[in-house]
Structures are given as structure tokens and as C-alpha cells.
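Only the coordinates and a few stated rules stand behind these numbers; no lab work does. Quick caveat: nothing in here was measured; it's all calculated off a predicted structure. Methodologically, a virtual Cβ is constructed for each residue, glycine included, from the backbone with ideal geometry; neighbour enumeration extends over all protein chains shown.
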Amino acid sequence: MSKFEDIMRQYRNGTLTDTQTRDKLNEAYKAGEITRDEANAGLKDLGAGYSFQTLTDEERAAKKQREDELGFIPATEEGKPLPKTADMRRRPDLAGQVVRQHTRAGDFDVTYTDAGYAVSAKKVN
């Protein structure tokens, strides 16, 4: 029995939920254990609303251009999540400056005193 058949059998028997099945299909596809067509068939059965597709170089370039026009910001290399609010801790290294901070709530310009204390955070978007 192939990996794909095993995953789908577990789903049909009720051993796996929709989410677990989707996760297993994604993992198996990324690991090269199932083909793109098998993964897409399984996702379609689940009604996932997405599928794996291969983009040509031209399609990839067009997608990047659309994202750039819309202001898409790619994830950071570290993949660190954005803080919820602006960081208002004392920062002597930023003394006397106004620094833009990116948060989940938006971007803030944080003003620091000459001693490095944050005195205000003004939302800019």
C-alpha cells in the first residue's frame, strides 16, 4: 500500500480528522513520499480549497511583481513573529532617535529621549 493510500484509508476510517489528513498529505508531499497529483487528489477530496502547482519562471516573476505592487513583505529569515505592540523599554543605544517598529498592530514611530527612554509611540499606518 502506498503512502497516499495509507493516509486516505486512515481518513476514511475516521482515524484522522480533516486537518490531520491535510497535514499528513502536505508532509508526505514535501518529503517526496507522494506525487503532486496524489497530494492534489487528496486535498480535493478534503475540500481543502488549495492545491500544489508548479510555476514556470515567467509565472513566478509575474507573481513576484504582483506581490511587490501590492506591498507584500516577505517573512524574515529568522521567521520570528512580530510583537503585538511597540517596544517601550529603555534603549540607551537608540537615545535621541525616532525609530520605526513593525508590530502586528501596525507600524509605530517610537521617540527616545537623550537618556534612551521611550516617550511616545505614534502609529504611522
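Quick one: net charge around Tyr11, please, counting Lys, Arg +1 and Asp, Glu -1 for every other residue with C-beta under 15 Å from its C-beta.
So the surrounding residues net to -1.
Straight-line reach from Lys63: which lysines have Cα under 27 Å away, leaving out those fewer than 8 places along the same chain?
Cα-Cα hits under 27 Å: Lys30, Lys44, Lys80.
So what are the chain's ellipsoid semi-axes, whole angstrom, largest first, if each one is the square root of 5 times an eigenvalue of the alpha-carbon gyration tensor?
That gives 46, 19, 12 Å for the three semi-axes.
Subtract the Cα-Cα distance of Ala105 and Leu46 from 0.36 nm times their separation in residues, and report this length gain in nm to one decimal.
Stretched out fully, the Ala105 to Leu46 stretch lengthens by 17.9 nm.
How do the peptides 41-49, 62-70 rank, highest first, by the average count of neighbouring beta carbon atoms within 10 Å per residue?
41-49, 62-70
Please list the non-local residues whose amide H lies under 5 Å from the amide H of Thr103, H modeled 1.01 Å from N, same-chain partners needing a gap of 5 or more.
Those lying under 5 Å, H to H, from Thr103 are Phe108.
Across region 103-119, in residue order, what do the Karplus-derived ³J(HN,Hα) couplings come to in whole Hz, using 6.51 cos²θ - 1.76 cosθ + 1.60 with θ = phi - 60° and x for Gly and Pro?
After applying 6.51 cos²θ - 1.76 cosθ + 1.60, I find 10, 5, 7, x, 9, 10, 9, 9, 9, 10, 6, 5, 8, x, 7, 6, 10 Hz.
Once a ≥ b ≥ c are taken as the square roots of the eigenvalues of the Cα gyration tensor of region 3-46, is the result rounded (a/c under 1.5), prolate (a/b larger than b/c) or oblate (a/b not larger than b/c)?
Judged from the Cα gyration tensor, region 3-46 comes out prolate (a/c at least 1.5, a/b above b/c).
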